[in-house]
Each structure stands twice: as structure tokens, then as C-alpha cells.
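Each remark here refers to the structure printed beneath this line.
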Protein chains: 2
Amino acid sequence: MDFEVLRIGQRVVRDDRVTTHVALVARAFGASKIYMNEVNPEIKDTLDKINETWGGEFEIEFITNWKKIIKEKKDNSRKIIHLTMYGENINDVAPSLQKEDNVLIVVGAEKVPREIYDFADYNVAVGNQPHSEISALAVVLDRMQKGNQFSTKFENPAREIIPTKKGKNVVMNKTMDK
Amino acid sequence: MDFEVLRIGQRVVRDDRVTTHVALVARAFGASKIYMNEVNPEIKDTLDKINETWGGEFEIEFITNWKKIIKEKKDNSRKIIHLTMYGENINDVAPSLQKEDNVLIVVGAEKVPREIYDFADYNVAVGNQPHSEISALAVVLDRMQKGNQFSTKFENPAREIIPTKKGKNVVMNKTMDK
């Protein structure tokens with residue numbers, strides 16, 4: 001199973017931190033890559049530093065034409081999952097989603113172009129109440145992998161957390177200058 | 001089961017939208033109330049409007065002394081669940097959490113006071129990688145309720161979404177001026 005994420009339509013300054021959180025969730029919940037448009041380029045440095053510290057090879061690619069990406073992915077048999085509060089309830093579609101191999105999960109800001117609903121193989125609602133694209137992405141990735149993403153090791157980390165009941169237990173594998 | 005959320009330590013302007021998303025997640029994922037400090041008071045108007053439009057009676061309370069809240073809740077036999085990437089893996093503790101009745105889930109911004117780790121009955125890591133307090137809160141509430149929060153109706157909504165495969169299907173129960 002390979003997960004990629006496409007985030008569209010953010011408004012650069014206002015959504016800066018929200019966009020960073022979307023990228024962090026994609027990485028922490030086992031996606032291999034995120035595509036983003038209209039984004040502050042510093043986000044790439046932030047995620048590169050996170051990879052360096054905590055491991056893995058999560059990728060960010062800046063794009064200008066999101067429709068082209070969706071069409072390319074569809075042509076390569078990748079299924080398109082669009083997250084929207086108007087879609088089918090995740091509780092009902094999770095069993096079908098779990099059977100898919102390669103997916104592109106599309107998360108939008110408040111308004112997304114109408115066409116997305118037609119491009120999508122699945123329009124999925126992580127509940128039909130308003131919340132956040134950050135939480136919606138997290139829950140769909142968690143449900144699709146049945147939590148197994150939290151047992152996966154990230155390769156070649158400088159620091160690694162050992163889960164513990166109280167306090168912090170961090171193994172330092174490399175010396176870091178920063 | 002009753003869920004309350006305590007958010008501490010945000011930096012007012014920078015985290016404004018993130019804080020709003022935390023409150024929206026608490027509401028959409030079945031918590032009854034959120035306590036917040038150092039927050040832009042407009043967030044209360046935002047959530048009041050959401051209640052009016054989409055139903056339910058989710059509450060926000062602004063606080064100044066978070067330790068007092070935690071102590072009061074502990075004295076009333078409410079269990080304290082602190083979300084931190086350093087804690088025990090959610091995959092391991094979910095079965096214990098599901099047995100609790102009334103909980104206060106504590107989510108912090110980047111730095112939280114060390115004491116929280118000792119006050120907490122559970123220090124829970126929604127994975128040991130950095131992501132977002134928004135996604136962490138969502139996943140812990142989803143796991144504790146096994147997704148049942150998405151089958152719950154919010155009472156007395158002006159608008160209600162009927163889940164659908166393509167597009168948007170919204171029932172208008174009341175005329176709204178705005």
C-alpha cells in the first residue's frame with residue numbers, strides 16, 4: 001500500500017501552520033509524499049529537518065496544476081480519495097478503502113473546486129461535522145492502516161523516542177549540530 | 001463516557017487557527033467541553049455559530065489556572081489523559097482507555113510544563129513522530145469510541161448533511177439569517 005497526499009487551495013499566509021500540520025500528519029501516518037500548491041516554500045525546510053532528526057524519506061513536491069497530478073495518478077491506476085464533510089461516512093467506506101493498494105488522498109482548504117467530487121473514486125467524510133483537514137487526513141490514514149503505521153520504524157533517525165509512561169526517553173543515534 | 005478537553009500553552013496569534021481546529025475536533029469527535037487558556041476570545045463566537053448551524057451544545061470555557069482544573073477533575077474521579085509524542089503507544093493503551101468512563105484529555109502546544117507528565121493518569125503517544133495536537137486529539141477520540149462518534153446525531157441543527165457519493169446534500173431545518 002502506498003499513500004500520497006495532495007493538498008489544494010490553501011491561502012498562503014493564513015493557513016501556513018495548518019499546512020505544515022497537514023504535511024507532518026502525512027509523514028507521521030505513513031504517507032510517502034505530499035503535493036502542495038500555493039504554499040510557503042519554507043515548509044520544505046521544516047519537513048527536511050524533521051526527516052533528518054526523526055528519520056525516513058518523506059517527500060514534498062510543489063505543484064501548480066493539481067488537475068494534471070490527479071489525471072496522471074488516475075492513469076496510473078492510483079485511486080483518488082477526496083476528504084469532504086459531505087461525502088460517505090468513513091465508518092461505511094473503511095472496509096472498501098482498506099482493500100485499495102495505491103491511493104492519492106486529496107485534502108482541500110475551506111472551498112474546493114466542484115470538479116474534485118467527480119474526479120474522486122471516493123468522497124469520504126470523516127464525520128459529517130466541520131472540523132479540520134488535519135484530523136480528517138489523520139483518521140483516514142489510521143483507519144486504512146488499522147494503526148499499523150504507529151509500529152513502523154522510520155529509517156536512519158538521528159533521534160528516536162522510546163515510548164514511556166512518564167517523562168521523555170530519547171535515544172540519540174547521531175550528533176546533531178542544531 | 002464523557003470527554004472533556006484541556007488545551008494549554010498556545011501562543012495567541014501564531015496558533016489561532018490551530019487552536020480553532022483543536023476546538024472543532026473536540027466538538028466533532030464527541031467531547032462535551034473544551035477548556036482553553038491564552039486564547040483569542042473570538043474562538044467562542046466561531047464555535048457558537050457552529051453549534052447553531054450544525055447542532056449540539058458543545059461548550060468552551062476560558063481559564064487562567066490549568067492546574068486547578070486538572071486537580072478538580074482528578075478529585076472528581078475523572079482520568080487525565082495527556083497526549084505527548086513521548087508517551088506510551090496508543091496501539092498499546094487503547095484497550096485500557098476504552099474502559100474509562102470520564103476523561104479529561106490534555107493537549108499542549110509545542111512545550112508543556114514538566115508537571116503534566118506526573119499529573120496524568122496516562123501519557124499517550126499517537127505515534128512517536130511529531131505531527132499535530134489536532135490529529136492526536138482526533139485519533140485518541142476515534143479510538144476510544146471505536147468510531148461511534150460519527151454515527152451520533154447533533155441535536156437541533158439548522159443544517160444537516162446527508163452523506164452522499166458525489167456532491168453535497170444538505171437538509172435545511174431552519175431559516176438562517178446569515
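Values as computed for the structure displayed
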read-out: Protein accessible surface hidden between B and A, which excludes ligands and nucleic acids, total in Å², probe 1.4 Å; value: 4600
read-out: Other-copy label distances relative to A:Asp101, 7 angstrom Cα-Cβ extension, nm; value: 5.1
read-out: Packing-based ranking, highest mean first, of B:141-147, A:101-107, B:59-65 given that Cβ atoms within 10 Å are counted; value: A:101-107, B:141-147, B:59-65
read-out: Only Lys, Arg (+1) and Asp, Glu (-1) charged, at Cβ; the protein assembly as shown dipole about Cα centre in debye; value: 80
read-out: B:Asp121-A:Asp2 pseudo-label distance in nm [points 7 Å out on the Cα-to-Cβ vector]; value: 4.5
read-out: 10 °C / 1.306 mPa s Stokes-Einstein diffusion coefficient of chain B, Kirkwood radius on C-alpha pairs, µm²/s; value: 93
read-out: Descending semi-axes in whole angstrom, ellipsoid equivalent of the protein assembly as shown, from the Cα gyration tensor; value: 29, 27, 19
read-out: Using a Förster distance of 25 Å, the FRET efficiency for B:Lys174-A:Lys111 (Cβ separation, nearest 0.05); value: 0.60
read-out: Residue mean of other protein chain beta carbons inside 10 Å, A:139-150; value: 4
read-out: Shielding score for B:84-93, defined as the mean number of other chain Cβ atoms within 10 Å; value: 5
read-out: Cα centre as origin, Lys/Arg/Asp/Glu Cβ charges: segment A:40-117 dipole, Debye; value: 440
read-out: Reduced Cα scattering model of segment A:54-127, Debye log10 I(q)/I(0), q = 0.21, 0.27 Å⁻¹; value: -1.02, -1.33
read-out: Top of B:Tyr122, B:Tyr35, B:Tyr86 by mean-square fluctuation, Gaussian network on chain B, Cα under 10 Å; value: B:Tyr86
read-out: Residue-span extension gain [B:Lys153 to B:Glu100] - 0.36 nm each, minus C-alpha spacing; value: 16.8 nm
read-out: Projected label distance in nm at A:Asp92 and A:Glu61, using a 7 Å step from Cα toward the beta-carbon; value: 3.4
read-out: nm² value of the averaged projected area, convex hull over the Cα atoms of segment A:90-178; value: 9.3
read-out: Selected from B:Asp92, B:Asp15, B:Asp121 as most flexible by GNM, with chain B as the system and alpha-carbon contacts under 10 Å; value: B:Asp92
read-out: Residue of chain A nearest the A-to-B rotation axis [by Cβ], rounded angstrom distance; value: A:Ile134, 2
read-out: GNM top mover of A:Ile116, A:Ile80, A:Ile161 - chain A, alpha-carbon springs below 10 Å; value: A:Ile161
read-out: Cα-based helix-to-principal-axis angle, B:42-54 vs chain B, degrees rounded to 10; value: 50
read-out: DSSP bridge pairs, the protein assembly as shown: antiparallel proportion in percent, nearest 5; value: 10
read-out: Dipole of segment B:90-178, positive direction: furthest Cα of B:Ser96, B:Ile134, B:Thr164, with charges on the beta-carbon; value: B:Thr164
read-out: Loop-resident sites, segment A:80-178, for GluC sites (Glu not before Pro), counting at most 12 other Cβ within 10 Å (DSSP); value: A:Glu110, A:Glu155
read-out: Alpha-carbon centroid distance for the pair segment A:5-65 / segment B:64-114, whole angstrom; value: 29
read-out: Lys, Arg +1 and Asp, Glu -1 on Cβ, resulting dipole of chain A about Cα centre, debye, nearest 20; value: 460
read-out: Copies compared at B:Ile162 - label distances in nm, ascending, label defined 7 Å from Cα in the Cβ direction; value: 5.7
read-out: Hydrodynamic radius by Kirkwood, which averages 1/r over all alpha carbon pairs of segment B:117-163, in angstrom; value: 13.4
read-out: Average accessible surface area per residue within segment B:49-100, 1.4 Å rolling probe, Å²; value: 53
read-out: Carbon/sulfur fraction of accessible area - segment B:70-151, other protein chains in place, 1.4 Å, %; value: 41
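The values are calculated or read from the model by the stated rules, or taken from the named source; none is laboratory data. Since this is a predicted model, take the numbers as computed values, not measurements. All Cβ positions, glycine included, derive from the backbone under ideal geometry; neighbour counts span all protein chains shown. The area values use the complete protein model at the heavy-atom level, side chains included, leaving out ligands, DNA and RNA. Shrake-Rupley method; radii C 1.70, N 1.55, O 1.52, S 1.80 Å.
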